[in-house]
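Peer 1: Here it is, the structure, as structure tokens.
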């Protein structure tokens, strides 16, 4: 089955700096890569996703890049703000109507 | 948030007792999922459903069973709860097979003493 690895497990950045979280996947048939943000005590919320026919997608301060050859995708957050502090999860999915999640990155944005 | 509710939201039970968690959706989505979330493990799939009475196992299905008799309800049962099943349980729904965008319920915190 699919295996998703996510790094780093914790990330601390100063407000205004950029943050990058990286994931790798194992199944070359995976074609959908969502990212979720989970605030403390809350449910995971979808923040951005990318399909395998696209190399990059942006939505305001967040962007995701995909390298299918390397089986690698990344989340980029620019101009970080305190409200970006949360746990972020990557995931990979194929045609089996399932997602496999990474183990999460705890992002802390300090003032 | 998508129309997903979970009940109960919190439960404390004793080892060996049966427990049933309920997920209810008002979106009429075909796919429903049960995950457990534990520190260091992220979200792990327990069981999922691709239609009424159609279910399949996920990666951590041992000790759990599910049922889906109506589109809107997906039940997760722990036949005999163990302390290792102490966790936060999330239900998720999706309308799609391909590009399987999932939306999560608020979660149920289960403690097995």
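Peer 1: Name the residue that is nearest to the other protein chains (Cβ to nearest Cβ), counting only residues in the range A:71-97 that are over 17 Å from the mean Cα position of the chain (by Cα) and under 24 Å from residue A:25 (Cβ atoms).
Peer 2: A:97
Peer 1: A further question on this structure: Given the conditions (1) modelled with pLDDT under 95; (2) under 12 Å from the mean Cα position of the chain (by Cα), which single one is not true for residue B:39?
Peer 2: Against the list (1) modelled with pLDDT under 95; (2) under 12 Å from the mean Cα position of the chain (by Cα), residue B:39 comes up short only on (2).
Peer 1: Looking at the range B:86-96, can you tell me whether even one residue there is over 21 Å from residue A:46 (Cα atoms) and free of Cβ contacts under 8 Å to residues at least 40 places away in the same chain?
Peer 2: yes
Peer 1: Right, another one. Looking only at residues in the range B:53-67 that are away from every other protein chain (no Cβ under 14 Å) and at pLDDT 95 or above, which one is surrounded by the most Cβ atoms within 10 Å (Cβ to Cβ)?
Peer 2: Per the criteria, the residue is B:66.
Peer 1: Considering A:83, A:79, which residue is surrounded by fewer than 15 Cβ atoms within 10 Å (Cβ to Cβ), in a loop (DSSP other than H, G, I, E, B) and at pLDDT 95 or above?
Peer 2: A:79
Peer 1: Out of the residues in the range B:68-94 that are surrounded by 15 or more Cβ atoms within 10 Å (Cβ to Cβ) and outside any strand (DSSP E or B), which is farthest from the other protein chains (Cβ to nearest Cβ)?
Peer 2: This residue is B:81.
Peer 1: Tell me the residue from A:9, A:26 that is touching a residue at least 12 places away in the same chain (Cβ under 8 Å), more than 11 Å from chain B (Cβ to nearest Cβ) and surrounded by fewer than 18 Cβ atoms within 10 Å (Cβ to Cβ), please.
Peer 2: A:26
Peer 1: State all residues of the range B:19-43 that are within 20 Å of residue A:42 (Cβ to Cβ), surrounded by fewer than 18 Cβ atoms within 10 Å (Cβ to Cβ), within 11 Å of chain A (Cβ to nearest Cβ) and in contact with a strand residue (DSSP E or B) (Cβ under 8 Å, 6 or more places away or on another chain); if no residue qualifies, say none.
Peer 2: Selection gives B:38 alone.
Peer 1: Please verify whether the range B:8-30 includes one or more residues that are modelled with pLDDT under 95 and assigned to a strand (DSSP E or B).
Peer 2: No, the range B:8-30 contains no residue that is modelled with pLDDT under 95 and assigned to a strand (DSSP E or B).
Peer 1: Which members of the range A:98-108 meet the condition of being more than 14 Å from chain B (Cβ to nearest Cβ) and crowded, with 18+ Cβ neighbours inside 10 Å?
Peer 2: A:107
Peer 1: I'd like the full set of residues that are assigned to a loop (DSSP other than H, G, I, E, B), within 11 Å of chain B (Cβ to nearest Cβ) and either under 23 Å from residue A:3 (Cβ atoms) or touching a helix residue (DSSP H, G or I) at 6+ places or on another chain (Cβ under 7 Å) (or both), limited to the range A:29-47. Even if it seems obvious, please write down each step before you answer.
Peer 2: Of the residues in the range A:29-47, the ones assigned to a loop (DSSP other than H, G, I, E, B) are A:29-31, A:39-44.
Now drop any that are not within 11 Å of chain B (Cβ to nearest Cβ), which leaves A:30-31, A:41-44.
Across the range A:29-47, the qualifying residues are A:30, A:31, A:44.
Peer 1: While we're looking at this one, here's another question. What residue, among those in the range A:48-70 that are part of a strand (DSSP E or B) and within 12 Å of chain B (Cβ to nearest Cβ), is farthest from residue A:17 (Cα to Cα)?
Peer 2: Checked the range A:48-70; the qualifying residue farthest from residue A:17 (Cα to Cα) is A:51.
Peer 1: Report whether or not residue B:5 is closer than 16 Å to residue B:104 by Cα and surrounded by 12 or more Cβ atoms within 10 Å (Cβ to Cβ).
Peer 2: When the stated conditions are applied, residue B:5 passes them.
The values are calculated or read from the model by the stated rules, or taken from the named source; none is laboratory data. Computed from a prediction, not measured in an experiment: that's the story for all the values here. No Cβ is skipped: glycine too gets one built from the backbone with ideal geometry, and neighbour counts run over all protein chains shown.
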